[in-house]
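The structure appears below as structure tokens.
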Amino acid sequence: MKTLFTDIPNAVLDRMHTLEQRDARDRQDGTPQLKRLRQIPAESGMLLALLAQAAPRGLMVEVGASAGYSALWLSLAAQRRAGRFVTYELLPEKVELARETFAKAGVEDWVELVHGDARSHLRQLEDIAFCFLDCEKEMYSEVYESVVPRLVVGGLFVADNVVSHHEELAAFVEAARRDTSVDATVLPVGKGLLVCTKREDK
């Protein structure tokens, strides 16, 4: 049996490469932050795919699609799990980029893109097995409070940038560590990932 990363379709690899090049160029050129792709590095994407593949049965959710790079990694897990996942993006220009990404990579069967503020949708969901959060930092606490009560036992909540934005997110990370409904740790992968696992109710 092939492993998760040895049979990535060429169309997905090509789109990943295109987005990686654009992200590097934006950073080098000093493109304003809101206009940059601001995507995760490949090592974070690989870890997300592994975690999502191993998550229990339930919904997969992403908050902050940007141009769809992280969703390409998550689509690998979705295919292994034989189910679609939902990704939310607020900015219209990035929604268009994400649509282009999913079409060119041929992953539209695995990814549902929602244009809108995830916070108005998350409280309607149930049985979330995996959630990846990578959006504006002032939204982190509210998204956490919406998602974690809806995680299945063993479900995973992963938030990016907790090392690169340590000062801004320190209170958020500390609150997750104090939350008795999850086990939480910070992994020094990419820009730093907070990984929480839902504990069984006692």
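The values are calculated or read from the model by the stated rules, or taken from the named source; none is laboratory data. Quick caveat: nothing in here was measured; it's all calculated off a predicted structure. Note: ideal-geometry Cβ built from the backbone for every residue, glycine included; neighbour counts use all protein chains shown.
Every residue, every condition in (1) modelled with pLDDT under 90; (2) in contact with a His (Cβ under 7 Å, 6 or more places away or on another chain); (3) closer than 18 Å to D134 by Cα; (4) of a type in the set (G, A, S), yes or no:
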position: K2; (1), (2), (3), (4): yes, no, no, no
position: A11; (1), (2), (3), (4): no, no, no, yes
position: E20; (1), (2), (3), (4): no, no, yes, no
position: D23; (1), (2), (3), (4): yes, no, yes, no
position: P32; (1), (2), (3), (4): yes, no, yes, no
position: A49; (1), (2), (3), (4): no, no, yes, yes
position: S66; (1), (2), (3), (4): no, no, yes, yes
position: Y69; (1), (2), (3), (4): no, no, yes, no
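With the requirement that a residue be polar (S, T, N, Q) and under 21 Å from H17 (Cα atoms), what does the range 95-148 give you?
Answer for the range 95-148, where residues must be polar (S, T, N, Q) and under 21 Å from H17 (Cα atoms): just T101.
Determine, yes or no, whether V86 is surrounded by 14 or more Cβ atoms within 10 Å (Cβ to Cβ), under 16 Å from the mean Cα position of the chain (by Cα) and not in a strand (DSSP E or B).
Considered against the rule, which asks whether it is surrounded by 14 or more Cβ atoms within 10 Å (Cβ to Cβ), under 16 Å from the mean Cα position of the chain (by Cα) and not in a strand (DSSP E or B), V86 comes out as no.
Can you spot a residue in the range 163-183 that is surrounded by fewer than 23 Cβ atoms within 10 Å (Cβ to Cβ) and in a strand (DSSP E or B)?
Within the range 163-183 (the criterion being surrounded by fewer than 23 Cβ atoms within 10 Å (Cβ to Cβ) and in a strand (DSSP E or B)), the answer is yes, since at least one residue qualifies.
I need every pair where a residue in the range 54-82 that is basic (K, R) has its Cβ under 8 Å from the Cβ of a residue that is buried (at least 24 other Cβ atoms within 10 Å of the Cβ) and assigned to a helix (DSSP H, G or I), sequence separation at least 6 or different chains.
If the second residue must be buried (at least 24 other Cβ atoms within 10 Å of the Cβ) and assigned to a helix (DSSP H, G or I), the pairs left are R81/A52.
Among the residues of the range 37-60, write down those that are within 18 Å of V152 (Cβ to Cβ) and either touching a Cys at 6+ places or on another chain (Cβ under 6 Å) or surrounded by fewer than 18 Cβ atoms within 10 Å (Cβ to Cβ) (or both).
Within the range 37-60, Q53, A54, P56, R57 meet the criteria.
Within the range 148-168, how many residues turn out to be more than 26 Å from D127 (Cβ to Cβ) and within 17 Å of the chain's Cα centre (by Cα)?
Total meeting the criteria: 4.
Do we find that L156 is out of contact with any Leu (no Cβ under 9 Å at 6 or more places or on another chain) and either in contact (Cβ under 8 Å) with a residue 40 or more places away in the chain or closer than 20 Å to P41 by Cα (or both) in this structure?
It is false that L156 is out of contact with any Leu (no Cβ under 9 Å at 6 or more places or on another chain) and either in contact (Cβ under 8 Å) with a residue 40 or more places away in the chain or closer than 20 Å to P41 by Cα (or both).
Residue under question is V195, and the condition is that it be surrounded by 21 or more Cβ atoms within 10 Å (Cβ to Cβ), in contact with a helix residue (DSSP H, G or I) (Cβ under 9 Å, 6 or more places away or on another chain), within 20 Å of L50 (Cα to Cα) and modelled with pLDDT of 95 or more; does it hold?
Spelling it out, it is not the case that V195 is surrounded by 21 or more Cβ atoms within 10 Å (Cβ to Cβ), in contact with a helix residue (DSSP H, G or I) (Cβ under 9 Å, 6 or more places away or on another chain), within 20 Å of L50 (Cα to Cα) and modelled with pLDDT of 95 or more.
Every residue in the range 106-149 that is in contact (Cβ under 8 Å) with a residue 12 or more places away in the chain, more than 17 Å from S66 (Cβ to Cβ) and either loosely packed, with under 15 Cβ neighbours inside 10 Å or touching a Cys at 6+ places or on another chain (Cβ under 9 Å) (or both), please.
If the condition is that a residue be in contact (Cβ under 8 Å) with a residue 12 or more places away in the chain, more than 17 Å from S66 (Cβ to Cβ) and either loosely packed, with under 15 Cβ neighbours inside 10 Å or touching a Cys at 6+ places or on another chain (Cβ under 9 Å) (or both), then G106, D109, L122, R123, E126, D127, S141, E142, Y144, V147, V148, P149 are the ones that fit.
Failed condition for G155, given (1) over 17 Å from G64 (Cβ atoms); (2) in a loop (DSSP other than H, G, I, E, B); (3) modelled with pLDDT of 95 or more, with all others met?
Evaluating G155 over (1) over 17 Å from G64 (Cβ atoms); (2) in a loop (DSSP other than H, G, I, E, B); (3) modelled with pLDDT of 95 or more leaves (2) as the failure.
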